[in-house]
1. Over the chain, what is the relative contact order in percent, taking alpha-carbon pairs closer than 8 angstrom and at least six residues apart?
2. Considering the alpha-carbon set of the chain alone, what are its Rg and its Dmax in angstrom?
3. Please give the length that would be gained between Asn261 and Thr375 if that part of the chain were fully extended, namely 0.36 nm times their separation in residues minus their C-alpha to C-alpha distance (nm, one decimal).
4. Between the range 316-379 and the range 509-524, how far is it from one alpha carbon centroid to the other, in angstrom?
5. Under 13 Å Cα to Cα from Lys552, which aspartates and glutamates show up? Leave out anything in the same chain fewer than 8 places away.
6. Could you work out the helix-only [θ] at 222 nm for the chain, with each DSSP H run of four or more residues adding -39,500 (n - 2.57) and the total divided by the number of residues, to the nearest 500 deg cm²/dmol?
7. Taking N as the number of residues in the range 74-122, what is its alpha-carbon radius of gyration divided by 2.2 N^0.38 Å?
8. Quick one: if the Förster radius is 22 Å, what FRET efficiency do Glu252 and Asn338 give, using the C-beta to C-beta distance and rounding to 0.05?
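Values in this text are rule-based calculations from the coordinates and carry no lab data. This one's a predicted model, so the numbers in the text were calculated from it and none came from an experiment. Cβ sites come from the backbone with ideal geometry, for glycine too, and all protein chains shown count toward neighbours.
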Amino acid sequence: MSKHQFICIGGFILTIALFFGWSTSLHAEKAVSLKPPSVQNVTDPEIPVALTPGGVKKYVIASTLSLPSSRTKTVIVTYHGSTYGQYYWDFPYKPGTYSFVDAMTKAGFAVLNIDRIGDGHSSHPASDLVTMASDSYTLHQIVQDLREGEIDHVDFPKVVLATHSLGGYISWYAAAMYPQDFDGIIETGAIHHNSTTRDTIAIPLSYPAVNDAKFKNSGLDHGYYTTIPNTRAEIYYHTVSTSDPTVAKIDEQLKQTRVQNELIAGIDLASTHVSTMIHVPVLTVLGQDDFFACAPDGMNCSTAQTIKQAEAPFYAPDACLQAYDLAGAGHDINLAPNAHVWYAHAVTWINSFVEHQQPGCGRRPQSVPLQQIATITISGTPASNWCYDAATVDKGTYYLADDDRNAIDVIQDTQHPVLTKTIGPGTFTGPGGCKAYNYDAQGPNGVVVAHDQIFASNGNSSVKVYSSVTGQFITDIATHGHLRADEMTYDPHNQWVVVANGAERDFSKQAAPFLSFISTKTGKSMDHVVKTLRFPHAAGLEQPLWNPYDGKLYLSVTSSDQNKGGEVDVIDPTTFKVTQIVTPNCGDAGLAVATRAIMAVGCGDGMQIVLNVQTHHIIRIPVTSVDIIAATNHFLYYASYGSETQAPQLAVADLQGHLLQTIPIAAASHTVTVNPENGHVFVPLDGGQVAIFQQNQRFSEFRL
C-alpha cells in the first residue's frame, strides 16, 4: 500500500476511533488528511534543531511536508497556536472544508506543517527553555533548511509563514530577530488589541497538563498547561451554534499543551511595537466572533477595514498590511464551517503579494542604526570570560573598569581609536566574582569623571580617585559598607559623585543598601562623603543616574518590599525625599536618560523597558538579561549577556520601543556606553576586545 493510500484510509479510521473514545498518547496523533490528487508527495521529516545559537541540535521538530504535483518556488510554513499541533492546519475531518494544507496544495503551494517545540510529536524540553527566543531560533533554523534544500532535498526561494494565535505573537519576535527569513506572513487570531474576555474566560479554563487524564503520565513538568476537558468549544469557537459538533469532539481528543510562561510572554509582546520590524507583506485574519479580540471591550471586527485601521500602527508601511474578516467564525477560524472561504482569500493574497510583489511592499531595511568601525584589543586579558564592569566617556576618552587587569583601561576616541594607557594597575581588588563567583568583592566597578578626576568604585567599599590628566593616584574614599561600592553617577549641579553600595543584603539581611554622596567642590569637603542615604526596604540597588532635564537622581532597585519585580526610585536632591515608579517583572539594573520624558531601564529579568518618567507608561522590548545600558535622544542601547534561551546581543531600539537592530556579541558582554559628542557606541566583547560602532546616518533618512 502506498503512503498516499494509507493516509486516505487512516483519515477515516482516526475519525471512527475518536468517536469510540480510543485512548491517546502524550503526543497528538499525526494529523491525517485526505490528500487530493494534486499532492505529489507527502513526507514526515524530523528536523534537528538547537534552542540557542551555537547550541547542540539535540531537539527534534516533527513536520509533514506536502508537495503539489507541479514544482513550486514557494513553501508555506504553518505555525499553530496554544494547545494545538499540526492537526489545526490539516484537520482529519472533511478536508475540503477544514484543511488549510489541502487548500494550499491544491492551489500549487508546498506546505511544511510543523509541531512547535514543546508540542505534538516535537521534543518537549524543560518548560523554562521554551521561550519567544527559542521558538524564534528553532523557526529560523527550519527556514534556513528549507531555503538550502536540507529538508527532503527540495529548496524553496520563497517562504510564507502562516500563524495562529500564540504562533502569531511568536512570529513578530521571529521576524524582528531574523528579518530575512520570510517573504510574507499570514497572522490569524493574533492582534494587538485583545479583550479582557480572553483573560477572564479563556486562560482560567486551563491547568497543568499533568492534571489532565491525557497527559498525567507524560512526564511533563508543571510549566506545561492544557485546556480543561470539554471547554475548547467555549474558548476557541465561541459561536458554538454554528460549529460542527464532530469538529469539537475531534479537537478535544487531539488537544495538546502549551508552556504557560511562553503564553504570558506572547501576551506581553502584544503591547509592544516589535511587529513594526516586519518588512514583508502581512495579511491579518480574524473571525468576526473572535472574543479574544472582538468582545465589546476589544476592537471593532465588523469589517476588514476596521481591523486594518486598528492594526496598521503596529506595522511598517512596507508590510503593506491587508486584513480579512471571516463572518460567523470564532478564534479558531480553521475550525469554522466556512474556513474554506478564508483559505481562498489566502491563496489570492499570496499570489498578489508574494508571488508578484506589489510596489512599495516587502522592502527590506536599507540600513541599520549601527555599523562597526573598529575593534580595540587590550593585551593582558584572558581569551575568554574576560571580567570587566562599567564604563564612561568623557571629553572623547573612553574609560573601562577592567577587573582582570585590575585597572582602568583608557581608549582615545579619535578618527582611529587607540588604547592610550592604563590607570591604577594592581590597586583594585580585581576580578572577584568573575573568577571566584563572589561579585561583591570585585573591582573596579563603576567609573565617572569629574573636574579632571577619575572616580572608580572598588570591591572593598571604597572609591579610588586618580588624575585624568596624569593618571596619578590622588586618594581613596571609604563608603563604610561591608561589600563592594558599585555603580556611579555624577551630579554636576550639586557637584556630587553618587555611588551605590547595592549588595549589602548579601553580607547581612539586616544591612540596608545605600548611596554615598561624595563632594567634588573645592574645599575641605572635597573628595569626602557628605551624605549617606539608606534604602531599608530595598533588596538591592544598581544604577544611580542624574537626570539633566529635571535635576533629580534616579535609581534602579532590583526588588523591594513593596515591588518585588523592581522599581525606579526618584530622589529629590534638595530634600532627599524618595518616590517610586513601579517597573513590574524587570529586576531593574541599568538606567539611561534619552529625553525629558523617556528613560531606558535595563531589566535582568523579563523584557526591557522604555519608561516615560512623567506618565509612568511602560513599553516592553523583547530582549532579556540586560545589565548596563545607554541612550541618546534617538536610540536606546541594551547590552544583553544572554541566557539559556537567548543569545547575547546588542539590541538597538527607538524611543517608541521599536526594536531596530540586534547585533551578536559575546557572552561576557553586559556593558554599552555612548560617546555623546559623536554617537560612537562602545561594547566590550571578550578576549580583551572592545567593539566600536558608529551611527549610520542614512538610517534616519530611511525611517522618515
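1. Taking the mean separation of contacting Cα pairs over the length of the chain, I get 9 percent.
2. When restricted to the Cα atoms of the chain, Rg and Dmax are 27.9, 96 Å.
3. Going from the current span to full extension adds 37.2 nm.
4. 54
5. Within the straight-line cut-off, Lys552 pairs with Asp491, Asp569, Asp572.
6. Rounded to the nearest 500, it is -4500 deg cm²/dmol.
7. That works out to 1.12 for the range 74-122.
8. E(calc), rounded to 0.05, equals 0.55.
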